[in-house]
Amino acid sequence: RGMPNAYHFNCKDKACSFCRAHKMSEERKWLRKVIQDRVNDGALLSFATLTIRTFPNESPEQTRTRVQKVWSRMIRHPYFRDAVVGAFRVLETTKKNDTYHAHIHALIEVNPKFSHTKFRELLRQKWRFYGGGFIHAKRVDKELRSSTKKLKGMVFELSSYVTKDHDLGMKDWVKVAVAGRGKRDFGWLMLWKKIKKTFKDIAAKAKGEPIDLPAAPSPINEDTGEVAW
């Protein structure tokens with residue numbers, strides 16, 4: 001009807017300011033639904049910050065690899081998996097002086113047969129056993145249940161990007177972005193992963209089939225052979 005159709009392709013690179021914002025908003029949408037579901041179900045939730053020892057002049061890729069290895073080993077431990085019902089984690093990288101600091105924020109649903117005190121001690125033992133450093137764990141389900149504002153705040157805290165890039169110079173930001181390329185910064189575990197998939201399936205079904213659009217125009221000018229960019 002005289003109106004042009006717009007075609008766009010996302011680069012899906014986490015360092016892209018447009019695609020990054022889209023990834024964050026998508027993750028935030030599902031995370032809020034899952035947390036709200038677990039809060040309504042009376043789950044015991046623990047918010048943990050897990051760190052590793054840092055070394056001067058270590059690259060972002062090296063520090064990222066170390067913290068991921070500790071996390072992967074810990075979550076495979078049978079006793080740890082018995083204590084955890086589900087979880088969501090995000091990796092964040094910051095820099096102070098000449099040292100990069102990669103750490104993990106995780107919201108964990110604890111098995112009801114464990115008290116939070118017992119779980120926190122288990123988390124501390126396993127994290128340090130596999131090479132981790134300082135941890136901080138706080139029970140948060142009661143405050144999330146009583147305050148919508150705090151629940152939203154928790155969602156934003158967990159769905160922030162891999163780094164607060166305003167704290168880094170351009171060269172450092174590029175190094176951190178390259179170190180994380182093709183790797184996951186967010187992670188879902190166990191029951192939470194299943195609940196997220198359920199919500200996504202429901203949303204896709206409600207959305208129905210996509211509207212048919214005409215084929216994208218050819219980027220090649222048939223008269224001159226030039227390629228549009």
*Please report the base-10 log of the normalised intensity I(q)/I(0) for the chain, using a Debye sum with one equal scatterer per alpha carbon and no solvent, at each q in 0.13, 0.14, 0.15 (1/Å).*
-0.86, -0.96, -1.07
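Can you compute the equivalent ellipsoid semi-axes for the stretch 122-199, i.e. the square root of 5 times each eigenvalue of the Cα gyration tensor, sorted largest first and rounded to whole Å?
Working: eigenvalues 136, 77, 55 Å².
Its equivalent ellipsoid spans semi-axes of 26, 20, 17 Å.
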*So, in nm, how far is label C11 from label K205 when the simple model puts each one 7 Å beyond its Cα toward the Cβ?*
3.8
*To the nearest 20 debye, what charge dipole does the stretch 106-195 have about its Cα centre, counting +1 at the Cβ of each Lys and Arg and -1 at the Cβ of each Asp and Glu?*
320
*Give the cysteines in the chain for which no other Cys Cβ lies under 4.7 Å away, or write none if there are none.*
C11
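Loop-only trypsin sites (Lys or Arg not before Pro) in the stretch 71-131, please: DSSP not H, G, I, E or B, and at most 10 other Cβ atoms within 10 Å. Kindly include the intermediate steps, with their values, before the conclusion.
Numbers: sites: R73, R76, R81, R89, K95, K96, K113, K118, R120, R124, K126, R128; in loops: R76, K113.
Taking the stretch 71-131 and a limit of 10 other Cβ atoms within 10 Å, the loop trypsin sites (Lys or Arg not before Pro) found are R76, K113.
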*For the chain, what relative contact order do you get, as a whole percent, if you take Cα pairs closer than 8 Å and at least 6 residues apart?*
28
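Counting each DSSP H run of 4 or more residues in the chain as -39500 (n - 2.57), what helix-only mean residue ellipticity at 222 nm follows after dividing by all residues, to the nearest 500 deg cm²/dmol?
Numbers: 8 runs with 105 residues, N = 229.
When only DSSP H runs of four or more count, the value is -14500 deg cm²/dmol.
Dipole of the chain, Cα-centred, from +1 at each Lys and Arg C-beta and -1 at each Asp and Glu C-beta, to the nearest 20 debye? Don't skip to the answer; put the middle values down first.
On the way: 46 positive and 25 negative charges, 284 e Å.
It works out to roughly 1360 debye.
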*Expressed in nm², what is the orientationally averaged projection area of the convex hull enclosing the Cα positions of the stretch 1-106?*
11.1
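Past 29 Å, Cα to Cα, is the threshold; run K113/K197; K142/K175; K113/K205 against it and keep the listed order. Write out the running numbers ahead of the final one.
On the way: K113/K197 26 Å; K142/K175 39 Å; K113/K205 36 Å.
Over 29 Å apart, Cα to Cα: K142/K175; K113/K205.
In whole percent, how big is the carbon plus sulfur part of the accessible area of the stretch 72-168, probe 1.4 Å, protein atoms only?
Numbers: 2420 of 4830 Å².
The nonpolar share, carbon plus sulfur, comes to 50 percent.
Counting other Cβ atoms within 10 Å, which chymotrypsin sites (Phe, Trp or Tyr not before Pro) in the stretch 9-75 have at most 11 and lie in a DSSP loop?
On the way: sites: F9, F18, W30, F47, W71; in loops: F9.
Here the chymotrypsin sites (Phe, Trp or Tyr not before Pro) that fit, given the DSSP loop and packing criteria, are F9.
At a Förster radius of 30 Å, what calculated FRET efficiency corresponds to the Cβ-Cβ distance of T198 and E226, to the nearest 0.05?
Numbers: r = 49 Å, r/R0 = 1.63.
According to the calculation, E is roughly 0.05.
The values are calculated or read from the model by the stated rules, or taken from the named source; none is laboratory data. Here the structure is a predicted model, which means the values were calculated and not measured. With ideal geometry, Cβ positions are generated from the backbone for all residues, glycine too; neighbour counts draw on all protein chains shown. In case anyone asks, the SASA skips ligands and DNA or RNA and just uses the protein heavy atoms, side chains included. Shrake-Rupley method; radii C 1.70, N 1.55, O 1.52, S 1.80 Å.
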